[in-house]
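Notes follow once the structure below has been shown.
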Amino acid sequence: MVPILFRIYGKAMFVRKDSIKDSGQYKTHISLVDNNSMPVSPYSVIFLDSWIKQDSANTKLRYAYELRFFLLFLSSLSPAIDIEARIRAGEFLTSLECDKFIQACNFIKKSISNSDNVMPIELFSDKALQNAIHSSKTSKAKVKASTSNGRIKTAVMFLECVYENIHGRFHAPVDVKNNFKTLERQLRLAKKSLGDETPTEPKFETSVIPEDKYLDLLEIIQPDSENNPFMHSKLRNYLVILLILETGLRRAGIAKLKISDCMFHGSGDQIRVTKTPDDPDDKRIDKPSQKTLAHSSYVPVELMKILDEYIKNQRARFPTANNHEFVFISEMSTKGIAGDPLSLNSINYIFSTLSKALKFNISPHTGRHKWNELFTEETEGMDENEISKLRKYAMGWSQDSEMEAVYNSFKLSVAVRSIRKKRQEEIDGTENDDNEK
């Protein structure tokens with residue numbers, strides 16, 4: 001069989017997202033395409049469509065970008081590597097080529113623009129890489145260990161996919177199996193040597209949002225505040241931000257919130273957080289995906305009343321909003337999307353605007369982090385096991401989740417510092433007593 005398309009990698013390769021209707025449901029489809037919107041390889045289709053077992057479109061999108069990095073690297077070498085022909089011949093990558101790829105995984109890529117229909121891409125440049133390596137600013141050109149790890153992991157997974165589709169899992173000749181195992185071992189050892197980067201924790205005794213900035217935040221998001229940075233949609237943005245601060249929800253949880261999830265009756269102080277991948281009612285290409293378990297979140301009654309008023313008055317002004325049940329909508333008519341469900345990018349823009357106004361970086365994730373800090377303060381004195389159970393339920397974490405330790409690190413660091421400071425004061429006091437004698 002003649003190798004297909006691998007030699008043209010790097011000429012034009014885009015990550016594309018489409019919303020495709022399948023059996024009455026809209027599903028997000030992610031692919032690597034050329035400038036004619038054709039898949040760059042049949043194996044990239046197999047890898048992204050069936051090899052990766054993921055419900056989350058965003059996770060699959062990350063794999064697509066990491067796969068593209070690997071394929072662009074192959075085309076950047078001189079001569080370019082036809083990986084399909086290599087795998088058919090049982091040769092794979094040489095040790096030197098493998099080392100070059102591992103080295104490349106540690107550095108940023110050069111950005112280029114593209115058409116409006118396709119997600120932005122970055123082009124790997126061998127020259128740019130070499131410049132970065134020899135630059136005095138090498139550290140600034142480096143990426144996080146988690147990024148390097150992801151690139152290597154995806155390369156290994158893709159090579160496994162192509163290898164098994166060409167040779168089969170058990171029927172390849174012994175020398176081919178050994179060559180593949182050698183390559184796989186070299187890449188996996190490189191990944192292991194980078195270490196597993198843990199989520200960034202707050203600096204020692206520093207809140208993720210300092211008290212003064214948090215108070216400023218609560219003031220400027222008020223719809224009637226003179227310092228409100230938004231020209232439009234002030235009430236909607238106020239609700240989006242405050243719901244994240246009051247519930248600790250992810251931005252996807254806010255974007256997925258439906259009117260039927262809002263418990264306005266009874267105690268009137270809860271919203272349901274659902275987990276519905278490929279929601280048939282959601283026509284957004286970039287569908288929000290709730291990663292945590294389904295649960296209910298407490299919302300102050302007064303905030304629920306404001307939310308109810310927003311739905312009945314502000315949201316009801318947009319006829320298109322009658323076509324779906326998502327609470328938060330686009331209110332700008334310039335792009336013809338007024339009334340459509342609010343996009344994840346729009347939520348990012350809301351927080352980006354806030355960050356500029358506050359002169360302090362704030363995101364949906366920092367809002368979630370702040371909720372956990374405040375929860376720790378509010379539950380002080382309670383049984384630790386009970387606090388753990390309550391926090392995990394509120395966050396939608398499984399009972400064996402280790403995320404609690406990450407979010408609680410600020411208070412733990414304060415406690416440790418307090419204990420050590422007290423001990424040091426005792427030591428200093430003892431030394432002074434000895435000197436006086």
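The values are calculated or read from the model by the stated rules, or taken from the named source; none is laboratory data. What you see is a predicted model; the values in this text were computed from it and never measured. Heads up, the Cβs are rebuilt from the backbone with ideal geometry, glycines too, and the neighbour counts pull from every protein chain shown. Note: areas computed on protein heavy atoms with side chains; ligands, DNA, RNA excluded. Shrake-Rupley method; radii C 1.70, N 1.55, O 1.52, S 1.80 Å.
Listed here are the residues, each with its yes/no results for (1) in a loop (DSSP other than H, G, I, E, B); (2) over 17 Å from residue 18 (Cα atoms).
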position	(1), (2)
48	no, no
65	no, no
69	no, yes
72	no, yes
75	no, yes
79	yes, yes
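Pairs linking a residue in the stretch 234-255 that is at positive phi to a residue that is open to solvent by 20 Å² or more (accessible area, probe 1.4 Å) and at pLDDT 90 or above, with Cβ atoms under 8 Å and 6 or more positions apart or on different chains, do not occur. Only one of the listed residues (120, 79) is modelled with pLDDT of 80 or more and open to solvent by 50 Å² or more (accessible area, probe 1.4 Å). That residue is 79. Counting only residues that are free of Cβ contacts under 8 Å to residues at least 60 places away in the same chain and open to solvent by less than 30 Å² (accessible area, probe 1.4 Å), how many does the stretch 352-383 have? Residues flagged as free of Cβ contacts under 8 Å to residues at least 60 places away in the same chain and open to solvent by less than 30 Å² (accessible area, probe 1.4 Å) within the stretch 352-383 amount to 3. Annotation for the stretch 46-62: at least one member residue is under 24 Å from residue 182 (Cβ atoms), aromatic (Phe, Trp, Tyr) and modelled with pLDDT of 80 or more.
Please work out which residue is farthest from residue 185 (Cα to Cα), limiting yourself to the stretch 82-93 and to residues that are open to solvent by 10 Å² or more (accessible area, probe 1.4 Å) and among the hydrophobic types (A, V, I, L, M, F, W, C). Per the criteria, the residue is 85. Looking across the stretch 219-237, the residues that are surrounded by fewer than 22 Cβ atoms within 10 Å (Cβ to Cβ) and under 17 Å from residue 356 (Cβ atoms) come down to 219, 220, 225, 226, 227, 228, 229, 230, 231, 232, 233, 234. Residues that are among the small types (Gly, Ala, Ser) and surrounded by fewer than 14 Cβ atoms within 10 Å (Cβ to Cβ) were ranked within the stretch 181-209; the one that is modelled with the highest pLDDT is 193.
Can you tell me how many residues in the stretch 253-298 are more than 20 Å from residue 61 (Cβ to Cβ), among the polar types (S, T, N, Q) and either modelled with pLDDT under 80 or touching a Leu at 6+ places or on another chain (Cβ under 7 Å) (or both)?
Of the stretch 253-298, the ones more than 20 Å from residue 61 (Cβ to Cβ) are 257-274, 280-281, 293-298.
Keeping just the survivors that are among the polar types (S, T, N, Q) gives 260, 267, 270, 274, 296-297.
Checking which are either modelled with pLDDT under 80 or touching a Leu at 6+ places or on another chain (Cβ under 7 Å) (or both) leaves us with 274, 296-297.
Residues that pass the stated criteria total 3.
Consider the stretch 238-279 and keep the residues that are part of a strand (DSSP E or B) and more than 21 Å from residue 370 (Cβ to Cβ). The one that is least open to solvent (accessible area, probe 1.4 Å) is 262. Entry remark, the stretch 94-111: residues being surrounded by 15 or more Cβ atoms within 10 Å (Cβ to Cβ) and in a loop (DSSP other than H, G, I, E, B) number 4 in total.
Any residue at all in the stretch 226-235 that is farther than 18 Å from residue 314 by Cα, among the polar types (S, T, N, Q) and over 26 Å from the mean Cα position of the chain (by Cα)?
Step one: of the stretch 226-235, the residues farther than 18 Å from residue 314 by Cα are 226-229.
After this cut, where a residue has to be among the polar types (S, T, N, Q) as well, the list is 227-228.
Now narrow it down to the ones that are over 26 Å from the mean Cα position of the chain (by Cα): 227-228.
So far as the stretch 226-235 goes, yes, one or more of its residues are farther than 18 Å from residue 314 by Cα, among the polar types (S, T, N, Q) and over 26 Å from the mean Cα position of the chain (by Cα).
Please work out which residue is farthest from residue 228 (Cα to Cα), limiting yourself to the stretch 325-339 and to residues that are in contact (Cβ under 8 Å) with a residue 24 or more places away in the chain and open to solvent by 40 Å² or more (accessible area, probe 1.4 Å).
The first filter runs over the stretch 325-339 and keeps only residues in contact (Cβ under 8 Å) with a residue 24 or more places away in the chain, leaving 325-329, 331-332.
From what is left, the residues that are open to solvent by 40 Å² or more (accessible area, probe 1.4 Å) are 325, 332.
Working: 325: 28, 332: 18 Å.
Ranking the candidates gives 325 first.
Going through (1) out of contact with any helix residue (DSSP H, G or I) (no Cβ under 6 Å at 6 or more places or on another chain); (2) open to solvent by less than 70 Å² (accessible area, probe 1.4 Å); (3) under 21 Å from residue 241 (Cβ atoms) one by one, residue 282 falls short only on (3).
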